[in-house]
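The values are calculated or read from the model by the stated rules, or taken from the named source; none is laboratory data. Given the structure is predicted, the values throughout are model-derived calculations rather than measurements. In this analysis, Cβ positions are derived from the backbone assuming ideal geometry, glycine residues included, and neighbour counts consider all displayed protein chains.
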């Protein structure tokens, strides 16, 4: 049971300088970060960009929800008898030079806002999300490596991400697009004629796809080739398994959306008839192409999150994850089945036989997902559970993701999906899994690894209050939407019949609480960076290799190549790095042997 | 049972009479209006109860463990096994069996929803941005609209269907993807521009204590209010079902709404026989305006919406265009309906209007022209602006 005392070498060795320390003046630091191939700096830059774009997409969502409090509608007095209010960009009247504000422009603004929300969140936040930030930072550290397999490729990935995001922001700055993030044809090929912003948004997604592919490729090779001596596949932390399964999907699935988006641009610009029936094309073909990627991509979104949760639960219960191999194989299984269920997004437009086949296959993917949830809860059994902020978020994850997963069942079931498809029920379902799943897991991971990343502590009290606000706000916002959906409220509606108004109002007020929770987290993070206490090297007593590095890690991560001496969750066998044996009571060795041998 | 292939959908020939069934009513699902609707509701409720049970068990265990196994500083976690083959197999196999049952229930309900009855009636439905048009096979279309304040927006067409009848809708879109959703029936189907899709439902008997129809007098500009030609339907019970568009299609996606109104059989038959002859041409035109044009064209003075206002438009001389002027006569109106991109009114350059070629036939165009005359001071009693109708519209 070796613990690596990296800190004892002293600061005279420049390799021990934390990666965050600047190398000279302001300009030198900027150049250093702009040209770095250090996975940690790239991870921090990704994290900053992702959180900033999350804030922008979140503001768009708050605007959407605010408009739905009391949408524009005309009353019995005719077109001038307008009720409600909303954000309305209006339309320039070329003849008079005045701006017209009508129901059409109000709805159009709404449509652009919800498209902006979806496009930013999916393409720029959640898909890169955990892999680009926490994955980049911790994959090499967890494997005991100095960096990823292709550090310069990693830098390229970052700049491709920046370029794609700039295209997206450009499209939004030009007043945005109103196609929905799904770009269904023929609407997306025929709307907004004479403007280029739809093309820019499509190209943004196309470019961002390459960032995803290159990162995925990098991670696959890293996991195969850069593990520390002694680390077999089943000695890796489960976060690595999550990242690995994600990377495989990214490499295989993303090219399909790339081609699809390119074809979409050709159709718009050159009027090639692939998807538009007026040119001889088939709109449902587009849906098949689109969802062939966009279904696997939701597993790209959730698998890293599940990896985070596995590690957080294990560490904060000081217990090996129950069913390690089951979770590892379930991750790969989910990645595999992800590719054969895309049709469940199209039950209302696909052939009957196709729908039946896809419904059956979709149930298949529910099984490894459910097994993981059982494993996590079983890990808590006979654990030593500390209700730290990461653990609170992991419990919130279990709660919200369970609801998200269970509400997927009526959507996989054909008889009920024909009612619920394209309703608020679906909106609630995917927010529970993407937001209540991935984003909550990101928060869990951030609070878990923050001391390691930045060497600073954060205010536990205010972080926990933030967690409470997020949890309450989230449920009020989105649980209400299940009821709206079953009662007939369609999605992407700028206004609605009166009977839905109370639900919308409850949902909107919930979203304000949710926003407040995130704002509080932002303040906690900023305060931590500016005025936080110095963090301990291994505050949680974790056993995986990243905790052997200093907090924050030095430029090359480790002073010496770490050698693996124990499994990632052997809390009953090993004293964690930076902990004294006297502070880490171990159970009776014979007892440990007996229990391990009996299974 | 005979199974035939019609338009690539399987059609069951079944001679059972349509029974009346009680309208299901879950407070969070709403009334279930078709015979197959209960499949959706039972599937949903079954899964819901199962989910609640699983959720309570899982969260219960989670909270219980978190409390019972709270960390005690200085004490290690008790030693326990890190896997248990029997348990893991059990919790894989048992949920799998439950999912198989769910799939089967879903499949059976789906078959009921997708395979239409062969008896009953068929209606052709056209979807376009942003309206639903039902073209009855006997030539009728909607003769009534929801007043604007019911949806708090544009007028919503009401389409009558008889009770206790199987109805098949053969649907096509004129432009982009739409989706026909009747929440009360619990099904939807996408409506596409390149091929027909079929949506079917069977209506229940109208309960005698249902709401009753009212037919108020009709306003015509410049004249006394006229008594309603549908006074024969006054006091008749009915049941309404919302139709929503469920595939995003642009600015007025949320207002692309219709109502299916179920009437007692004899009253429906009266309406079908009398509908088209009942209304004078300009009132037919007003209905067509409400269902097809009102979203973009106002009838109020000077109100510019997506398209120009029709107030005082008919018969206007030297009406301003982007390129030149035109006298607004029958020919110009017909051209604007069938080939709207040919000329643009001033201030509307490049604004795309979907052509109504194919959905508004010559009779309907004339009805709209008749209605436009009632909105304009330039129209004389005979309706002509002084120019022979068969001379093409000129731009000067």
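Here is how the numbers come out for the structure above:
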read-out	value
Candidates A:309, A:313, A:321, filtered to the one that is within 17 Å of the chain's Cα centre (by Cα) and crowded, with 23+ Cβ neighbours inside 10 Å	A:309
Residue within segment A:352-359 that is at the interface with chain B (Cβ under 8 Å from one of its Cβ atoms) and either at positive phi or crowded, with 24+ Cβ neighbours inside 10 Å (or both) present	yes
In segment B:200-250, residue nearest to the other protein chains (Cβ to nearest Cβ) [restricted to those that are touching a helix residue (DSSP H, G or I) at 6+ places or on another chain (Cβ under 7 Å), at pLDDT below 90 and in a loop (DSSP other than H, G, I, E, B)]	B:221
Counted residues, segment A:264-282 - those being under 20 Å from residue A:205 (Cα atoms) and not in a loop (DSSP other than H, G, I, E, B)	7
Lone qualifier among A:425, A:358, A:435, A:454 - being under 21 Å from residue A:535 (Cα atoms) and at pLDDT 95 or above	A:454
Test: residue in segment A:482-493 that is more than 11 Å from chain B (Cβ to nearest Cβ) and touching a residue at least 40 places away in the same chain (Cβ under 8 Å)	no
Criterion: in contact with a helix residue (DSSP H, G or I) (Cβ under 6 Å, 6 or more places away or on another chain) and not in a helix (DSSP H, G or I) - qualifying residue of A:432, A:458	A:458
Filtered residues of segment A:166-194 (kept if away from chain B (no Cβ under 11 Å) and either in contact with a strand residue (DSSP E or B) (Cβ under 6 Å, 6 or more places away or on another chain) or part of a loop (DSSP other than H, G, I, E, B) (or both))	A:174, A:175, A:176, A:177
Complete set of residues in segment A:378-400 that are facing chain B (nearest Cβ under 7 Å) and part of a helix (DSSP H, G or I)	A:380, A:395, A:398, A:399
Test: residue in segment A:322-337 that is part of a helix (DSSP H, G or I) and within 7 Å of chain B (Cβ to nearest Cβ)	yes
Failed condition for residue A:502, given (1) assigned to a loop (DSSP other than H, G, I, E, B); (2) over 22 Å from residue A:317 (Cα atoms); (3) modelled with pLDDT of 90 or more; (4) within 14 Å of another protein chain (Cβ to nearest Cβ)	(1)
Residue B:348 vs. criteria out of contact with any strand residue (DSSP E or B) (no Cβ under 7 Å at 6 or more places or on another chain), part of a loop (DSSP other than H, G, I, E, B) and at pLDDT 80 or above	yes
Test for residue A:552: is it more than 21 Å from residue A:231 (Cβ to Cβ) and within 12 Å of chain B (Cβ to nearest Cβ)	no
Qualifying residue in segment B:37-44 (condition: more than 9 Å from chain A (Cβ to nearest Cβ) and at pLDDT below 95)	yes
Among the residues listed as A:208, A:153, A:139, A:134, the single one being in a helix (DSSP H, G or I) and surrounded by fewer than 23 Cβ atoms within 10 Å (Cβ to Cβ)	A:153
Single residue of segment A:518-545 satisfying the filter (within 27 Å of residue A:474 (Cα to Cα) and surrounded by 20 or more Cβ atoms within 10 Å (Cβ to Cβ)) that is farthest from the chain's Cα centre (by Cα)	A:528
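Quick grid of which residues meet (1) at pLDDT 90 or above; (2) within 13 Å of chain B (Cβ to nearest Cβ):
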| position | (1), (2) |
| --- | --- |
| A:526 | yes, no |
| A:534 | yes, no |
| A:540 | yes, yes |
| A:591 | no, yes |
